[in-house]
Amino acid sequence: MKEEELRATVIATLKTIAPEVEEGDLHTDKPLRNQVDLDSMDWLNFLIGLHEKLKVDIPETDYAKLVTLGDVLAYLQAKTK
Amino acid sequence: MIEFKLPSLGADMDQGTLLEWKVSPGDTVKKGQVVAVVDTSKAAVDVEIWVDGVVRELLVHPGETVPTGAVLATLDGIGEAPSTPEPATRKTAPPAAKGVTAAHRISPAARKHAEERGVDIEHITGSGPDGGVTVEDVERAAKAASPTSTALATADGPRRPVTPAARKRACELNVDIETVAASGPGGAVLLEDVERAVAPPAPVKDRLGEMRRAIAAAMSRSKREIPHYYLAEMVPMKAALDWLAAVNAGKPVTERLLMAVVQLKAVALALKKFPEMNGFFRDNAFQPAAAAHLGVAISLRQGGLIAPAIHDVGDKPLEQLMRELTDLVRRARAGSLRSSEMSDPTLTVTNLGEQGVAAVYGVIYPPQVALVGFGRIVEQAWADKGALSVMPAVTASLAADHRVSDGHRGALLLAELRELLQQPEKL
C-alpha cells in the first residue's frame with residue numbers, strides 16, 4: 001500500500017473516533033494518544049478500525065511500539081507489505 | 001388506565017423536551033420498548049415503557065417541554081377493556097417552555113422524506129390532522145424550493161417571482177410579500193422566506209451550557225446534602241494485568257477486554273457484601289438496590305460527562321460486560337441512550353487513570369450513596385514480607401454517604417475489592 005494511501009486510511013479511522021481531529025494539527029513524531037486524548041476504549045476502537053480496513057492483526061504485545069503516528073504508520077507499512 | 005409519566009433521567013434533570021413519539025394510539029407496547037425520544041440537557045434519550053399495554057392517547061406533542069413526572073401518554077393495561085375515547089384533557093402542567101417547533105408534528109415517513117429531499121421541516125406547513133406534516137407536504141415544499149421547479153410564479157411585470165406556497169402562506173400570515181427578502185433563483189420568494197420573515201430566529205441549543213448547568217445543579221446538591229467521607233487503598237495489579245494480557249493474547253483485537261471491565265466486575269461483586277453502598281437515599285431513608293447497576297462515568301469529546309448504567313454487572317461474564325461497555329460508550333458519545341440506563345445506576349464508577357492522575361476522590365451522584373474511583377496503574381516500590389519489589393498498583397478510592405454507612409464498612413469494601421482483583425480468573 002502506498003504511503004499516502006495508508007496515511008489517509010489511518011487518519012480517516014482516527015476521525016471516526018475523534019471527529020474533531022485536524023490532520024494538519026497532528027505531529028507525526030509526538031505521542032498520538034496525548035495529542036488526540038484517546039482513552040483505552042478509544043485506542044481499542046482505533047485498532048479495531050485499522051484491523052477491519054487493512055486486515056492486519058495487532059497483538060496487544062505490540063501496543064508499546066505504537067506511540068506516535070509515525071510509529072503506527074511504519075508498523076502498518078511493514079504489516080501490509 | 002395507566003399513566004405513562006416522564007421519568008427522571010438522572011438527578012440533574014427536572015424537565016425534558018419530547019422530540020418524537022415512536023408509537024401511535026392503538027399500538028400494543030411491551031415493557032422495555034422504546035416509545036418516545038426525549039431531549040434532556042445532556043442527551044436525546046430513548047424512553048422505555050415500564051409496563052405492557054395498549055396506547056390510548058398521546059398527551060404531549062413533539063416540541064413541548066414538560067417537567068419530570070408529567071403524564072406523557074395514557075395506556076390501557078393488557079386485558080383492560082379499551083375505554084371509549086375521552087376528549088383530550090391534559091393532566092399536565094402547561095409546558096414549561098414552548099419551542100418554535102411545537103406546532104411541527106411530522107410523521108416518521110415525512111421526516112425521512114424531508115431528509116432525502118433536503119427540505120427543512122421547520123418551514124413546512126402541515127396539512128395533516130392538527131397541522132401534522134405529511135409526505136405530500138414535504139414533497140410540495142421540496143418542489144417549491146427547487147430551483148428547477150416549474151411552480152415558480154411567472155414574473156408579473158417588475159414584480160419578483162413568488163412561489164404559490166409562499167404566496168398562500170404570506171396571505172395566511174398577513175405578510176406583505178414585497179417586503180420579504182428572497183432567496184430563490186432569479187430573486188424568487190420561497191415559502192421559507194415568508195416563514196423566516198415572521199419567525200423569530202431559531203434559538204441555537206446550547207447543549208454544552210445546559211450540560212454544565214445540569215452538572216452544577218446535581219453536584220451542588222450532592223455537596224450540600226451528602227456528608228461525604230473518603231477512603232483510598234493501594235491495590236496491587238500484577239495478577240490482574242498478567243491475567244488480562246494472557247487472556248487478550250489469545251483473542252482477536254475485536255474481542256479483547258479492557259481493565260475497566262475487570263474493575264467494574266470486581267466492584268459489583270464486592271458490593272454484594274456491602275448493600276449499604278448500593279442503592280438510593282430518598283425521602284430521608286436509604287433504599288438498598290437488589291442488583292448492582294453500575295453507572296460508568298463517560299467523558300464526552302465535546303465536554304461534559306454522563307454516567308449511564310450497565311445493568312446487573314455482578315451477574316454477567318466479562319466478555320458480555322465488554323460488549324455492553326463498548327456499546328454504551330459509543331451510544332453515550334452519539335447521544336443515543338436509553339431511559340433505564342440514565343435513571344437507575346445504583347453506584348457510579350469513575351476511572352480517571354487514563355488522564356494520568358494517581359487517584360480520584362469523587363462527588364457522589366445523588367440519589368446514589370457511594371462512588372468508586374480508580375486512578376492510573378503505576379509501578380510502585382513495593383515492600384512485602386521484608387522484601388522490596390516493583391509492583392504495578394492502582395489507587396482505588398471510595399466516596400460514600402455518611403448518613404448511610406461508616407468508614408469502617410467503607411474500608412472493608414475496599415479491602416474486599418482489593419482481594420477480588422488478586423484473583424481475576426474468578427471474576
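Given a Förster distance of 25 Å, report the FRET efficiency between A:His27 and A:Glu4 from their Cβ-Cβ distance, rounded to the nearest 0.05. For R0 = 25 Å, the calculated efficiency reads 0.90.
Pull out a ≥ b ≥ c, the square roots of the eigenvalues of the alpha-carbon gyration tensor of the stretch B:207-426, then state rounded if a/c is under 1.5, prolate if not and a/b is larger than b/c, and oblate in the remaining case. Cα axes put the stretch B:207-426 in the oblate bin.
For B:Lys426 and B:Glu225, the difference between the fully extended length at 0.36 nm per residue and the C-alpha to C-alpha distance is 68.6 nm.
Annotation for the stretch B:59-80 versus the stretch A:32-77: alpha-carbon center distance of 47 Å.
Extension gain, B:Leu173 to B:Lys31: 0.36 nm times the residue separation minus the Cα-Cα distance gives 46.7 nm.
In this structure the amide hydrogen of B:Leu352, modeled in the peptide plane, comes within under 5 Å of the amide hydrogens of B:Phe374, none closer than 5 places in sequence on its chain.
A straight chain from B:Ser183 to B:Leu208 at 0.36 nm per residue would run longer than the Cα-Cα distance by 5.8 nm. The overall shape of chain A is rounded: from the C-alpha gyration tensor, with semi-axes ordered a ≥ b ≥ c, the ratio a/c is less than 1.5. In this structure, the amide hydrogen of B:Val357, modeled 1.01 Å from its nitrogen in the peptide plane, lies closer than 5 angstrom to those of B:Arg376, counting only residues at least 5 positions away or on a different chain.
Quick one: grab the alpha carbon gyration tensor of the protein assembly as shown, order the square roots of its eigenvalues as a ≥ b ≥ c, and give me rounded if a/c is under 1.5, else prolate or oblate depending on whether a/b is larger than b/c. Taking the square roots of the gyration eigenvalues as a ≥ b ≥ c, the protein assembly as shown is oblate. For the Cα trace of the stretch A:11-56, dividing Rg by the Kirkwood Rh returns an Rg/Rh value of 0.95. Remark on B:Leu347: its backbone amide H falls under 5 Å from those of B:His293, B:Gly295, a criterion applied only to residues 5 or more positions apart or on other chains, H modelled at 1.01 Å from N.
Residue exposure proxy: B:Phe280, B:Phe374, ordered by other Cβ atoms within 10 angstrom of their Cβ from fewest to most, comes out as B:Phe280, B:Phe374.
Centre-to-centre separation between the Cα atoms of the stretch B:203-244 and those of the stretch B:302-365: 11 Å.
Annotation: the residues B:Leu6, B:Leu300, B:Leu420, sorted from fewest to most other C-beta atoms within 10 Å of their own C-beta, follow the order B:Leu300, B:Leu420, B:Leu6. Residue exposure proxy: B:Ser41, B:Ser8, B:Ser183, ordered by other Cβ atoms within 10 angstrom of their Cβ from fewest to most, comes out as B:Ser183, B:Ser8, B:Ser41. What the Cβ-Cβ distance of B:Asp120 and B:Ala383 gives, at R0 = 56 Å and to the nearest 0.05, is a FRET efficiency of 0.25.
We did not get these values from a lab; they are worked out from the coordinates using the rules stated. What you see is a predicted model; the values in this text were computed from it and never measured. Ideal geometry is used to build each Cβ from the backbone, glycine not excepted, and the neighbour counts take in all protein chains shown.
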